[in-house]
1. Among bridges DSSP assigns within the chain, what percent are antiparallel (round to 5)?
2. May I ask you to list the residues of the stretch 193-220 whose amide nitrogen lies under 18 Å from a point 7 Å from Cα along the Cα→beta-carbon direction of Val58?
3. What value, in deg cm²/dmol to 500, does the helix sum -39500 (n - 2.57) over DSSP H runs of n ≥ 4 give at 222 nm once divided by the residues of the chain?
4. When ligands, DNA and RNA are left out and all protein chains stay put, how many square angstrom of accessible area per residue does the chain have with a 1.4 Å probe?
5. When only C-alpha pairs under 8 Å and at least 6 residues apart count, what is the relative contact order of the stretch 73-172, in percent?
6. For percent of Cα pairs over 31 Å apart, which listed value, (1) 26; (2) 43; (3) 33, comes from the coordinates shown?
7. Which whole-number percent is the relative contact order of the stretch 13-60 (Cα, under 8 Å, 6+ apart)?
8. Given R₀ = 25 Å, FRET efficiency for Ser114-Thr5 by Cβ-Cβ distance, to 0.05?
Amino acid sequence: MADLTTRIGALTLKNPIMPASGTFSEELAEVFDLDCLGAHVTKTITRGKRAGNPVPRVCEVQAAMLNSIGIPSKGAEWFLHNTVPFYADYDAPLVISISANSADEFARFAEEISVPGVAAIEVNISCPNVEDHGKAFAMRPGPTGDVIRKMRSATGLPLWAKLSPNTGEVVEVAQAAEAAGADALVTANTMLAMAIDSATGRVRLGNVMGGLSGPALKPITLRMTYQCARAVSIPVIGCGGISTVDDVLEYLIAGARAVQVGTATFISPTTMPRLIGELEQELEERGLTSVDALIGSVDIADEAITLAEYA
């Protein structure tokens, strides 16, 4: 049997398949054995309670989904007393996704949730930075480095920086996160988008704009994964539009050491366990003994690489 084990920094995952934040919850334990996953990634939480955005919060568009959930949260205290104990019964590492309004608040929050049972913190730096006129931390290298650096001083847990596709400085942001102490990158969050009902002229989301996810996003986040994997030495986790085993293979070949599955779970709740089985079968059919043999194996001519660096 092919070995699906992969390493994300200090963490060893039994396979490279895990959920994307916001698309996974304890209720899925009624559908399949959650311990089959490489890791568990929670919905993003905030320190205090948060109501979220006005409805409608979700709409379907061609080959994609738009969401403007607004990170509703029951707060850190509820999470630590309810969610963390739930996952204690599982062997797969628990990764907590967090959001905050400032670098200092991120650091305080990281310290609070660095408790037994939490294996890593995914840093949602696509959220607005109140100290930078509401611009997302991940839009520029400076704010990215600032928040990761302060979090690094506040916790010994691995930090996974979840990047944004809405920046034109992807590589610089990735390098800033690595230099500040991030242990891994997640490429990437949703892309800012909107939809209008042509019959009524009304916007289709209550918050006007939202995040684009699903198959339409994959070429963008796959490109980001390739760029970041070449630019940093820390592991990259690919995320965006994954629903088939071919999608998984593309991300691994591009340089990702693991992938996160999101929108596809809404369509079919058993997508992740299916992908694990299909990935193992695909490796065996290719005569590969481990998933490592695929990682970063993309075939690009030397002259194409040179040109891509100037694109």
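The values are calculated or read from the model by the stated rules, or taken from the named source; none is laboratory data. What you are looking at is a predicted structure, and each value in this text was computed from that prediction instead of being measured. Using ideal geometry, Cβ is built from the backbone for each residue, glycine included, and neighbour counts are taken over all protein chains shown. Please note that ligands, DNA and RNA were not included when accessible areas were found on the heavy atoms of the full protein model with its side chains. Shrake-Rupley method; radii C 1.70, N 1.55, O 1.52, S 1.80 Å.
1. Looking only at bridges with both residues in the chain, the antiparallel portion is about 40 percent.
2. The answer is 193-195, 204-217, whose backbone nitrogens lie closer than 18 Å to the label point.
3. Result for the chain, helices only: -8500 deg cm²/dmol.
4. 44 Å²
5. Numbers: 149 pairs, mean separation 28.3, N = 100.
Dividing the mean separation by the residue count of the stretch 73-172 yields 28 percent.
6. Label of the calculated value: (1).
7. Values: 35 pairs, mean separation 20.3, N = 48.
Relative contact order, the stretch 13-60: 42 percent.
8. The computed FRET efficiency comes out at 0.45.
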